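Below is one structure, written out as structure tokens; the observations come after it.
The values are calculated or read from the model by the stated rules, or taken from the named source; none is laboratory data. Keep in mind the model is a prediction, meaning the values are calculated, not measured. No Cβ is skipped: glycine too gets one built from the backbone with ideal geometry, and neighbour counts run over all protein chains shown.
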Amino acid sequence: MKEIILNHPLVEHKISILRRKDTSTKEFRELISELAMFLCYEALKDAELKDVEVETPITKTIGHVIDENNYAFVPILRAGMGMVDGVLQVMPNAKIGHIGLYRNEETLEPVEYYCKLPNNIESKTVIILDPMLATGGSGSEAISMIKKRGVKHIKFLSIIAAPVGLERIQNDHPDVEIYTAYKDSHLNENGYIVPGLGDAGDRIFGTK
């Protein structure tokens, strides 16, 4: 299954606090980071391990580690930046790229304005970060941008997702796994997720 939704009481608890309109900027940032950490943990369940020799205080043994150089996190600016600290708690040595998109007001389609990816990106598993998966337009375009750089293994992490956004990415990129903390009901006439949590970027950076 390409759509994985976290199903855990702790996630439900944190999402409910995240939704509150009176949640402070500080607490909102912390919750986004914590939920990103949970999502990353789930997304890495299939990570490959290699054997290494480890010397404990008692004896030598064989341990198993992940090669963090095989992974890159790519937040979609700007809201995706709020998830970076959380995923780096799980994999602190992974490389970080950045993708910038804006919406053409006439066509309503995403337009690229910035893309900076780590070296040898084509050999890595790339994990895209965006807290809100609404229409799926930006997410789908970000995946396309990364695929054009030769990347074969891509995963997408979001905190809240709307059914239309999930369907868009699944239709455009059936090979990409989507991990989300919570699947909401629908989009309103302004393209906001309902019940949602408002504009994640504004709430993360305190600009509204």
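Restricting attention to segment 179-202, and to residues there that are in a strand (DSSP E or B) and free of Cβ contacts under 8 Å to residues at least 40 places away in the same chain, which single residue is surrounded by the most Cβ atoms within 10 Å (Cβ to Cβ)?
Let us first name the residues in segment 179-202 that are in a strand (DSSP E or B), namely 179-183, 186-187, 193-194.
Keeping just the survivors that are free of Cβ contacts under 8 Å to residues at least 40 places away in the same chain gives 186, 194.
On the way: 186: 12, 194: 10.
Taking the candidates together, the pick is 186.
Just wondering, is there one or more residues in segment 64-79 that are within 22 Å of residue 201 (Cβ to Cβ), at pLDDT below 95 and in a helix (DSSP H, G or I)?
For segment 64-79, residues within 22 Å of residue 201 (Cβ to Cβ), at pLDDT below 95 and in a helix (DSSP H, G or I): present.
Which of the residues spanning segment 85-99 are within 12 Å of the chain's Cα centre (by Cα), of a type outside the set (Gly, Ala, Ser) and surrounded by 19 or more Cβ atoms within 10 Å (Cβ to Cβ)?
Residue satisfying the conditions is 87 alone.
Would you confirm whether any residue within segment 2-13 is surrounded by 19 or more Cβ atoms within 10 Å (Cβ to Cβ), part of a loop (DSSP other than H, G, I, E, B) and in contact (Cβ under 8 Å) with a residue 40 or more places away in the chain?
Scanning segment 2-13 turns up at least one residue that is surrounded by 19 or more Cβ atoms within 10 Å (Cβ to Cβ), part of a loop (DSSP other than H, G, I, E, B) and in contact (Cβ under 8 Å) with a residue 40 or more places away in the chain.
Determine, yes or no, whether residue 130 is of a type in the set (Asp, Glu), touching a Ser or Thr at 6+ places or on another chain (Cβ under 6 Å) and under 25 Å from residue 186 (Cβ atoms).
Details: of a type in the set (Asp, Glu): yes; touching a Ser or Thr at 6+ places or on another chain (Cβ under 6 Å): yes; under 25 Å from residue 186 (Cβ atoms): yes.
Criteria met by residue 130.
Looking at segment 103-113, can you tell me whether even one residue there is modelled with pLDDT under 95 and under 17 Å from the mean Cα position of the chain (by Cα)?
No, the conditions are met nowhere in segment 103-113.
Can you tell me how many residues within segment 14-33 are loosely packed, with under 13 Cβ neighbours inside 10 Å and assigned to a loop (DSSP other than H, G, I, E, B)?
Summing the residues that are loosely packed, with under 13 Cβ neighbours inside 10 Å and assigned to a loop (DSSP other than H, G, I, E, B) in segment 14-33 gives 4.
Answer yes if at least one residue in segment 44-51 is assigned to a helix (DSSP H, G or I), farther than 20 Å from residue 195 by Cα and more than 15 Å from the chain's Cα centre (by Cα), and no otherwise. If you could, list the steps in order and put the result at the bottom.
Taking segment 44-51 as the starting set, the residues that turn out to be assigned to a helix (DSSP H, G or I) are none.
No, segment 44-51 contains no residue that is assigned to a helix (DSSP H, G or I), farther than 20 Å from residue 195 by Cα and more than 15 Å from the chain's Cα centre (by Cα).
Please go through segment 150-168 and pick out each residue that is surrounded by fewer than 24 Cβ atoms within 10 Å (Cβ to Cβ), aliphatic (A, V, I, L, M) and without any contact (Cβ under 8 Å) to a residue 40 or more places away in the chain.
Residues satisfying the conditions are 151, 154, 164.
What number goes with the only condition from (1) of a type in the set (A, V, I, L, M); (2) touching a Gly at 6+ places or on another chain (Cβ under 7 Å); (3) not in a helix (DSSP H, G or I) that residue 36 does not pass?
Single failed check for residue 36: (3).
Please note which strands (runs of 3 or more DSSP E) are completely contained in segment 82-150 and include at least 3 residues that are touching a Gly at 6+ places or on another chain (Cβ under 9 Å) and within 19 Å of residue 39 (Cα to Cα). Break it down into steps so the answer makes sense when it comes.
Working: elements: 98-103, 110-116, 125-129.
Those strands (runs of 3 or more DSSP E) span 125-129.
List the residue pairs whose Cβ atoms are under 8 Å apart, where the first residue sits in segment 17-30 and is within 18 Å of residue 78 (Cα to Cα), the second is assigned to a loop (DSSP other than H, G, I, E, B) and of a type in the set (Gly, Ala, Ser), and the two are 6 or more positions apart or on different chains.
Cβ pairs passing all conditions: 25/206.
Among all residue pairs at least 6 apart or on different chains, which show Cβ distances below 8 Å where the first residue, located in segment 45-59, is free of Cβ contacts under 8 Å to residues at least 40 places away in the same chain and the second is acidic (Asp, Glu) and surrounded by 10 or more Cβ atoms within 10 Å (Cβ to Cβ)?
Partner pairs satisfying both residue conditions: 48/67; 50/67.
Residue pairs, Cβ under 8 Å, 6 or more apart or interchain, first in segment 104-116 and under 18 Å from residue 143 (Cβ atoms), second at pLDDT below 90 and of a type in the set (Phe, Trp, Tyr). List them.
110/102; 111/102; 113/102
Give segment 62-74 a look and list any residue that's surrounded by 10 or more Cβ atoms within 10 Å (Cβ to Cβ) and of a type outside the set (Gly, Ala, Ser), or say none. Spell out the reasoning first.
Taking segment 62-74 as the starting set, the residues that turn out to be surrounded by 10 or more Cβ atoms within 10 Å (Cβ to Cβ) are 63-74.
Correct list: 64, 65, 66, 67, 68, 69, 70, 71, 73, 74.
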